[in-house]
Every structure is written in structure tokens, then in C-alpha cells.
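Please read the structure below before turning to the comments.
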Amino acid sequence: MSSFPEIKSIPYEGPDSKNPLAFRHYDASELVAGRTMKDHLRFSVVYWHTFRNPLSDPFGAGTAMRPWDDGSESVENACKRARVAFEFIEKLGAPFYAFHDRDVAPEGNSLAETNRNLDAVAKVLKEEQERTGIQLLWGTANLFSHPRYMHGAATSCNADAYAFAAAQVKKALEVTLELGGHGYVFWGGREGYQNLWNTDMKRELDNLARFLHMAVDYARKIGFEGQFYIEPKPKEPTKHQYDSDAAACLNFLRQYDLMDHLKLNIETNHVTLAGHTMQHDLEVAGSANALGSIDANTGDALLGWDTDQFPTNIYLASTVMYTLLKYGGLTTGGMNFDAKVRRESFEPLDLFYAHIGGMDTFAHGLKIAAAMHADGRLETMLQERYRSWNGGLGEAIENNQHDFASLEKRMLEQGDITPNQSGRQELIENLINQYL
Ligand code: XUL
Ligand code: CO
């Protein structure tokens, strides 16, 4: 029985369409810069927000109307919900999905029972993947909701909690492998601190690195070849998350010899909470060859918390796509909508509107970004700004042919520098608006 009987599938109808249940920009098979939109964008639906979020907030109960869900924590309900999820994703036309272990299957009374629950639902997920061709972008384990993780998981002060988390990730890796997952994400849940007076930061970070090494070792042992990612976030739920931004994550990965094994999954709202722009963290990750995947959402400029809204800002999407294209585009990763409809948008239909809007925003952004690259004026201006490095003194410095003494000699002879030239920021910003 269909849960969305009024919707057959979401068609592409082009920019002039007035149909709210159609794409105006996302045409999966359209070629942009030599690749289909489907392959460029690799859209993914997240299970936790779209199928498990009750749409509560700190001031009120959930509002979500999900007629297919009986509200129980039974395996039967979980299996039914999984089938509905695939009906939704298939009708939407997204090629991927992502989940936490505990989104898809209920926790039992013991680890063994919980694992059995997960296996039962994974069986349904596998059937639905095979039926629809929808693939698992990445799996992950929820190491933050259960009270046992109140002090964190891989950074917990309680070694037993650490061991439980290890067992949980072991199982999540097995299930991700079984479902052909393209990757596995570590978002640091409660890996951070609330109070430094009771925190041994060095010990926690050492233990976290040890945990990630164990995960990588186990994945290799069972033949999981998907890409691992760390997802930076500066705060929430802890006041300081260790994986606070792309630079902090890279520093951690380098310090603990993990650079070969993990890339970054950059989430827009997390980056803005860190006080950066998305463009900034994408550059930091991209220039370190660690730009892996994107959790596509947005925050609200007036609410300083992780509102995880669907992205609708074309300027932002164009910027993201411009930077992604610059670094070769997505390979193992995807454009994963870690986003939820707002509490007032409680009907199932809103799930369609939200995803259609997000997909169209990024498809539009992709077309704009490809045009910006093809036109080349931005790149030319950037190159022009650095022309002093392309020959003469700059080239010699970059070839390590100078030291402080030789540079001093040169400036003593010259007396002062050749005049600087304008950075042309306003001109560049005007130029970007021409493409939108
Ligand atoms: C939390 C968040 C997570 C991760 C997966 O802010 O973004 O949902 O994406 O654990
Ligand atoms: Co996320």
C-alpha cells in the first residue's frame, strides 16, 4: 500500500514550470561540464530527520504527522517505516540515503538484542535497495542519544562506555558493508567537553584516535572499502566539540596518523556555527585533499543553533558547487540533506517540497558554478592577483632560491616595493552577481 498515493514521481519540468511537485533545475540526466547532474550532485536523503524526527523543539512536543508510523519502538514498525522511506526516496528520485544504526532499528534490552533488531531491519533495507537501485551513501552509529553516552563515547571517562561504542561501531560497519555503503561517517556526537576542570583533554583525544584506528583496522579486516569521514561541528551538544572545524579535524588527523584513512564531511550549518563560511571550510578541506562529502543544509542567521534547514540560497549553493568543481567534484561522497522540515511543516507533503527545493537549489547552483568556471573571468582575476609570483622574484622565492639575507639585499637596493594593485573585491562581487 502506498503512503504517498497522490504522488507518482517528481518529474523535471524546466525553469518555467509552476508545478510545486516538479523540478525546475534538477534534470538527473542533463550533462553539465561533461557529467550528468545525477553524478555531480549525488543527492542523499537522511533517515534520521526525514523519517525519525518528530519535529519537536526545546519548547514543545513533536508535531510530525506520519500516518504510516504507529509510534512504537517495535521492529515491525521499523521495517514498515523502512519500506515507506524507500517509496519516498524513489518517488523523489534521489540516488542515495544515509542512516544511523539507531534511526533504522530500535535499541533492545541488550547489545545482542539490539544487533538482532538491526539485522532484521537491514534485511528490509537490502531488499528495498535491490528493488529500487537506491544506494547507501554512508552509514554511521548513533553514539550520543543513549544516556550511557552522557560523557561521550570514544572520549568517555568511562572505559565501559568506550567499549560499548566500539562494539556498536563494529556492528554498524558490518551492516554498512552488507548494504554496500559507499562510506562511513564519524560525527563526534558528544566527543567534546562541557567543563575543562573535569576533563583530561589529551587522554580523550588519544583515546578518540585509538578508536578511529581500531575502526579503520576492523573495516580493512572485513573488506569494507568505503571512504571514512569525520564531520566537523564546533558545539552542540557539548560546548566544545573536538572536531570543531575542518582545520581542527585536519590537525587531529595529521597528529594521529589518520590522514590516509579519513576525509571530511562538511556540513553547512556546522561551519556557520564555527564562525566560518562554507566556502572557507571547503577550501580548507579541498586544499588538503580531504574534501569528501557534504551535509547540505543551512542555519538561520538570527538563531545561533543548529536548525538544520533545507538549503534554498542559490548564491550559497553556487559557491559550494564552484569550490567542489574546483577540487574535482564529488567522488565517493554526496550531497546529503542533513536537514529537517520545520515544526510547522508537519505534513508528509512538506517532505517532498523540502527535498525538491534543496535539490533544485543545488542543481541551479551547479549550472551557475559550471558557467563561472567555463567563463573563466573569476579565475583570471585570481591568477592576475598573484602575477608577481609567476616570474622574477616571486618565482625565485617559490623555488627556494632566496633567504632572508638575499631578500634584505634586494630591498636595500630597491629602497621600497613596487606599488600594490587593487584587490577589486567589489568588481568580483559584481561579476558573481552576473552569473546568478
Ligand atoms: C549532527 C549531525 C549528524 C551527523 C551524522 O549535527 O550533523 O546528524 O550528520 O551523525
Ligand atoms: Co550532519
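The values are calculated or read from the model by the stated rules, or taken from the named source; none is laboratory data. The shown structure was predicted, so the numbers you read here are calculated from the model rather than taken from an experiment. Backbone-built Cβ (ideal geometry, glycine too); neighbour counts: all protein chains shown. Calculation scope for accessible area: heavy atoms of the full protein, side chains included, ligands and nucleic acids excluded. Shrake-Rupley method; radii C 1.70, N 1.55, O 1.52, S 1.80 Å.
State whether the residues of the stretch 361-378 include one that is away from ligand 1 (no atom under 16 Å from the Cβ), of a type in the set (Lys, Arg) and more than 30 Å from Ala64 (Cα to Cα). Yes, that holds for at least one residue.
Out of everything in the stretch 282-305 that is β-branched (Val, Ile, Thr) and within 20 Å of Phe23 (Cβ to Cβ), what residue ends up being surrounded by the most Cβ atoms within 10 Å (Cβ to Cβ)? Walk me through how you get there before you give the answer.
Of all residues in the stretch 282-305, those β-branched (Val, Ile, Thr) come to 284, 294, 298.
So of that shortlist, the ones also within 20 Å of Phe23 (Cβ to Cβ) come out as 294, 298.
Working: Ile294: 28, Thr298: 22.
So the residue we want is Ile294.
Filtered by the rule that a residue be open to solvent by 10 Å² or more (accessible area, probe 1.4 Å) and more than 13 Å from ligand 1 (Cβ to nearest atom), the stretch 306-318 gives Phe310, Thr312, Asn313, Ile314, Tyr315, Leu316.
The rows are residues; the columns are (1) within 28 Å of Glu204 (Cα to Cα); (2) in contact with a Phe, Trp or Tyr (Cβ under 9 Å, 6 or more places away or on another chain).
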position: Leu253; (1), (2): yes, no
position: Leu258; (1), (2): yes, yes
position: Lys263; (1), (2): yes, yes
position: Ala274; (1), (2): yes, no
position: Asp281; (1), (2): yes, no
position: Val284; (1), (2): yes, no
position: Asn289; (1), (2): yes, yes
position: Ser293; (1), (2): yes, yes
position: Leu303; (1), (2): no, no
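Given the condition among the β-branched types (Val, Ile, Thr) and over 25 Å from the mean Cα position of the chain (by Cα), answer yes or no: does some residue in the stretch 25-32 qualify? No, because not a single residue in the stretch 25-32 is among the β-branched types (Val, Ile, Thr) and over 25 Å from the mean Cα position of the chain (by Cα). Of the residues in the stretch 282-302, not one is of a type outside the set (Val, Ile, Thr), away from ligand 1 (no atom under 16 Å from the Cβ) and either closer than 25 Å to Tyr162 by Cβ or not assigned by TED's automatic domain parsing to the domain that holds His182 (or both).
Within the stretch 99-114, does at least one residue satisfy the condition of being of a type in the set (Asp, Glu) and under 22 Å from the mean Cα position of the chain (by Cα)? Talk me through it step by step, then tell me what you get.
We begin by selecting, within the stretch 99-114, every residue of a type in the set (Asp, Glu); these are 101, 103, 107, 113.
With under 22 Å from the mean Cα position of the chain (by Cα) added as a condition, the list becomes 101, 103.
Within the stretch 99-114, one or more residues are of a type in the set (Asp, Glu) and under 22 Å from the mean Cα position of the chain (by Cα).
Figure legend. Inter-residue proximity from the stretch 384-413: first residues outside any helix (DSSP H, G or I), second residues open to solvent by less than 70 Å² (accessible area, probe 1.4 Å) and of a type outside the set (S, T, N, Q), beta-carbon distance below 9 Å, spacing 6+ or different chains. Indicated pairs: Tyr386/Gly394; His402/Leu393; His402/Ala396.
For the stretch 387-410, the set of residues classified as within 24 Å of Ser422 (Cα to Cα) and acidic (Asp, Glu) consists of Glu395, Glu398, listed by residue number.
Are any residues in the stretch 158-178 in contact (Cβ under 8 Å) with a residue 40 or more places away in the chain and open to solvent by 10 Å² or more (accessible area, probe 1.4 Å), and if so, which ones? Quick ask: steps written out before the conclusion?
First, the residues of the stretch 158-178 that are in contact (Cβ under 8 Å) with a residue 40 or more places away in the chain: 162, 164-178.
Selection gives Tyr162, Phe164, Ala166, Ala167, Lys170, Lys171, Glu174, Leu177, Glu178.
Taking the numbered list (1) within 16 Å of ligand 1 (Cβ to nearest atom); (2) over 23 Å from Asn251 (Cα atoms) in turn, Val185 passes all entries but (2). Every residue in the stretch 239-269 that is under 28 Å from Asn198 (Cβ atoms), within 14 Å of ligand 1 (Cβ to nearest atom) and open to solvent by less than 10 Å² (accessible area, probe 1.4 Å), please. Listed by number, the residues that qualify are Gln241, Cys249.
Within the stretch 319-335, can one find any residue that is surrounded by fewer than 17 Cβ atoms within 10 Å (Cβ to Cβ), under 29 Å from Arg52 (Cα atoms) and within 16 Å of ligand 1 (Cβ to nearest atom)? No, the conditions are met nowhere in the stretch 319-335. The single condition from (1) closer than 30 Å to Val84 by Cα; (2) in a helix (DSSP H, G or I) that Tyr162 fails is (1). Scan the stretch 64-92 for residues that are open to solvent by 40 Å² or more (accessible area, probe 1.4 Å) and within 23 Å of Tyr12 (Cβ to Cβ) and the total you get is 1.
Within the stretch 36-63, can you find the residues that are of a type in the set (A, V, I, L, M) and either open to solvent by 30 Å² or more (accessible area, probe 1.4 Å) or within 16 Å of ligand 1 (Cβ to nearest atom) (or both)? Before you say what the answer is, go through the steps one by one.
First pass over the stretch 36-63, keeping only residues of a type in the set (A, V, I, L, M): 37, 41, 45-46, 55, 61.
Selection gives Val45, Val46, Leu55, Ala61.
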